[in-house]
Amino acid sequence: MLNANEWKERRTDELKELILQAAASVFNQKGFERTTTREIARKAAISEGTIYNYFPTKRDLLMSLVRNFAQSARDAFKEQLSRPDAHEANANFASQYFLERLKLFNMGLSPTLILYHAKRDPDVRSILDEVIAGSMIEMVRPRIEELKALGLIRNIDVDFLILFLRSIVFGIAVVQDIEVPTDHRAQSLEELSNMARDLVWFGIVKGKSDE
């Protein structure tokens, strides 16, 4: 059974999460600059003063959301690399890579908003560089080098391969976010992940097995 302090801490965490979810929803809909804390409070069904108890400024909300996104991306990737098939070159692992990345964009800030602020806010860029372009790359680099050494994947430049894979994820996520007219918008994340996997794994040139 939780004691009084533990209940209070849990309640604080739940309230913070409620505020952040409301902030992400309104930011995604209206943009950061046009959003007011009053609108966020209305979305969360709390008083505006309650927000300031935990987040002194609107920018604190944005930075918390960016940190949460970066941390979730790192944790999900670390968990995926701990699976047994992470040391193998198989299409299922590639499909899960794309799926896990795309799911993250449905949990908080939109990819368009993240990229917008990463371009204009050095602090946002710093968080993304440290977590996504830093620690995550260092986690995956040994795996790719291992697969290359075993002859399971082509001898391709590792940095370019990582950039290419990240670009696919962000590209699909942004197209979905800004609702570019395409028949693929009606498809599930699983289907989009499998199509991305097939292009990476099998390429676009028709092989003998396709004839």
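Table for the structure above
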item	result
Only one of 140, 124 that is modelled with pLDDT of 85 or more and either assigned by TED's automatic domain parsing to the domain that holds residue 176 or among the charged types (D, E, K, R) (or both)	124
Top-ranked residue in segment 28-74 [being of a type in the set (Gly, Ala, Ser) and within 24 Å of residue 111 (Cβ to Cβ); ranked as nearest to the chain's Cα centre (by Cα)]	73
Given (1) buried (at least 18 other Cβ atoms within 10 Å of the Cβ); (2) outside any loop (DSSP other than H, G, I, E, B), index of the condition residue 161 fails	(1)
Subset of segment 129-143 that is under 27 Å from residue 188 (Cβ atoms) and β-branched (Val, Ile, Thr) - its residue that is surrounded by the fewest Cβ atoms within 10 Å (Cβ to Cβ)	132
Within segment 15-42, considering residues that are in contact (Cβ under 8 Å) with a residue 40 or more places away in the chain and either touching an Asp or Glu at 6+ places or on another chain (Cβ under 6 Å) or in a loop (DSSP other than H, G, I, E, B) (or both), the one surrounded by the most Cβ atoms within 10 Å (Cβ to Cβ)	32
In segment 88-128, the residues that are without any contact (Cβ under 8 Å) to a residue 60 or more places away in the chain and surrounded by fewer than 15 Cβ atoms within 10 Å (Cβ to Cβ)	90, 92, 107, 119, 120, 122, 126
Failed item in (1) at pLDDT 80 or above; (2) closer than 20 Å to residue 140 by Cβ, with residue 38 passing the rest	(2)
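The values are calculated or read from the model by the stated rules, or taken from the named source; none is laboratory data. Keep in mind that this is a model prediction, so the values were computed, not measured. When we count neighbours, we look across all protein chains shown, and the Cβ atoms used for this are built from the backbone with ideal geometry, even at glycine.
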